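To start, the structure under review is shown below, and the notes come after it.
The values are calculated or read from the model by the stated rules, or taken from the named source; none is laboratory data. Owing to the predicted nature of the structure, the values given are computational and were not obtained by experimental measurement. Using ideal geometry, Cβ is built from the backbone for each residue, glycine included, and neighbour counts are taken over all protein chains shown. Just so you know, the surface numbers come from the protein's heavy atoms only, side chains and all, with ligands and any DNA or RNA stripped out. Shrake-Rupley method; radii C 1.70, N 1.55, O 1.52, S 1.80 Å.
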Amino acid sequence: MARTAQTRSLKVLICGAGVAGQALAYWLARDGHEVTVVERFPALRASGAQVDLRGQGIDAIRRMGLLDEVRGKLVDEAGVAFVDAEGRARATIMANTSGKGRQSLTSEYEIMRGDLVRILHEATRQDVKYVFAVSVDRFEQDAERVVAHFSDGSSGAYDLLVGADGQGSRTRRAILPPGPDPYWRVGIHMAYWFVPRTAADTRIRDTYNAPGGRMIMRRSHNPTETQVYFVLREESEEASAVHREPVERQKEFWADRFGDAGWQTDRFLAGMDATESFYSQEVVQVRADTWSEGRVALVGDAAHCASPYSGMGISGGLVGAYVLAGEISRTPHDLPAALARYDTTLRPFVDEIQAEVKPHLLRVGIPKNQWAIGAFHTVTALACFLRIPDLVARYAKEDRGGDWKLPRYPDLTHVDRLHAG
């Protein structure tokens, strides 16, 4: 609902037009605030690999009134198969499509990141000002306002600045006090890109393990493209540093590490040379003791990246954006109180989803030698034969995120009230 004369409309700047930034813009604009989103890329970054929605993230999308739009763009992934070097499936875990219990390795709501970004942009572009090819170089603040200085030489004053600029957030670096590194590392690295789809690429996601702590995943999201993921267990300075190197150096690194991995590696490496969709990253979590300082706050991966292995990265960003906007809606005249409640309300949920990532279990799934790979296949095949993954998914009492419930903010928007029942 729009702000009345008795309530205060805020001028808000959001850095980053990804999922969390646009979700926050959606809620704040619906609540009557003046919202500007700056994005350093020259256009909307409607790209990226396949992501999933789970638990509270699905509820957040539902409250936005966008669940039908998301359903219309879902990727048809039926399950996950663990294959050997000849491509034979040793075990297959199907998606839980019952609508009950816990999602399996494949969510009922799989969607390409670019499609989700476009859905959010379409829902916000009429009410939110977007500025592309511009970033915040620096800012200063006092008790009344924050002044942002932009890369194009301009500046502006705002009531609130929010960093939605990802796990490498410049905003976070500017507000966190000197101290420990906020990154929690698990010794795993990942790269992904797209290659042409072949007739043999099915709706099942194939997962292949090679000796040396190497994993390859193949999943297909449309009739012409297949996604390729290389995953590597390695704790070295070279592996951690390569993600900041030029793309050609990154590709050399992955080709060197995986050149003899077997299965469809030759096909995937040939596709890597030609792709324009390549992305390389270290798998980390962001664990920050504070998500705000004065009139500057963090949301999404900038605040609490849970890593791809949590299964809740996108859902966490959607939930965090909703909670931040909801707490602001309660006391727009008192931002310090709103930001403090944002932290105390969301922190238990973030702690829960980050705890889902257990390094010892990740290491089991990315074995170092052929014997361990064989043992993993044997155990997984037996579990599937006994239908253990299916039973666990269907009868689990809760999905990822535990029993934490998405709060109700009845004054936030008419959309929230519409779906409050």
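Quick notes on this structure:
- The label point for residue 287 and the one for residue 86, both projected 7 Å from the Cα toward the Cβ, are 4.4 nm apart.
- Here the range 46-70 is scanned for amide nitrogen atoms under 15 Å from the site 7 Å beyond the Cα of residue 408 along Cα-to-Cβ, giving 63.
- Each 10 Å bin from zero up to the one holding the largest Cα-Cα distance in the chain carries the following percent of pairs: 4, 21, 32, 25, 13, 4, 0, 0.
- For the chain, the longest principal axis of the Cα atoms and the long axis of helix 370-385 meet at an angle of about 80 degrees.
- Structure-based [θ]222 nm, the chain - -39500 (n - 2.57) summed over DSSP H runs of at least 4, per residue, nearest 500: -10500 deg cm²/dmol
- Counting only alpha carbon atoms, the long axis of helix 19-30 and the longest principal axis of the chain meet at about 30°.
- Along each principal axis, taking the top coordinate minus the bottom one, the Cα set of the range 36-82 gives 40, 30, 19 Å in descending order.
- The range 16-163 - Debye-derived log10 I(q)/I(0), Cα point model, q = 0.12 Å⁻¹: -0.64
- Among the listed pairs 251/358; 129/358; 251/368, a Cα-Cα separation exceeding 30 Å is found for 129/358.
- Label-point separation in nm, residue 40 to residue 248, each point 7 Å along Cα→Cβ: 2.3
- P(r) tail, the range 196-350: Cα-Cα pairs separated by more than 19 Å, 64% of all pairs.
- Potential lengthening of the chain between residue 386 and residue 140 amounts to 82.6 nm, from the contour at 0.36 nm per residue minus the alpha-carbon distance.
- Formal net charge of residues neighbouring residue 159 (Cβ-Cβ distance under 11 Å; K, R +1; D, E -1): +2
- Length added when fully stretched, residue 238-residue 73, from 0.36 nm per residue minus Cα-Cα: 55.6 nm
- Here the range 78-214 is described by how far its Cα atoms reach on the three principal axes: 62, 41, 35 Å, from widest to narrowest.
- Once the 1.4 Å probe is applied to the protein heavy atoms, the chain comes out at 44 Å² accessible per residue.
- Working ranking of peptides 19-31, 119-131 by packing, defined as the average number of other Cβ atoms within 10 Å per residue, highest first, is 19-31, 119-131.
- Once the Cα gyration tensor of the range 319-360 is diagonalised, semi-axes √(5λ) in Å: 27, 9, 5
- Tilt relative to the chain, helix 313-330 - C-alpha long axis, 0 to 90 degrees, to 10: 10
- Percent accessible area from carbon and sulfur atoms, the chain, protein chains only, probe 1.4 Å: 52
- Cα point-scatterer Debye curve for the range 11-95, base-10 log of I(q)/I(0) at q = 0.11, 0.15, 0.24 Å⁻¹: -0.49, -0.75, -1.27
- Net length available on complete extension from residue 372 to residue 266 is 35.8 nm, with 0.36 nm assigned per residue and the Cα-Cα distance removed.
- Inter-label distance, nm, simple model (7 Å from Cα along the C-beta direction), residue 355/residue 151: 3.9
- Rounded, prolate or oblate (a/c below 1.5 giving rounded, otherwise prolate when a/b exceeds b/c) for the range 221-313 by Cα gyration tensor: prolate
- Rh by Kirkwood over Cα pairs, then Stokes-Einstein D for the range 287-396 at 1.567 mPa s and 4 °C, µm²/s: 78
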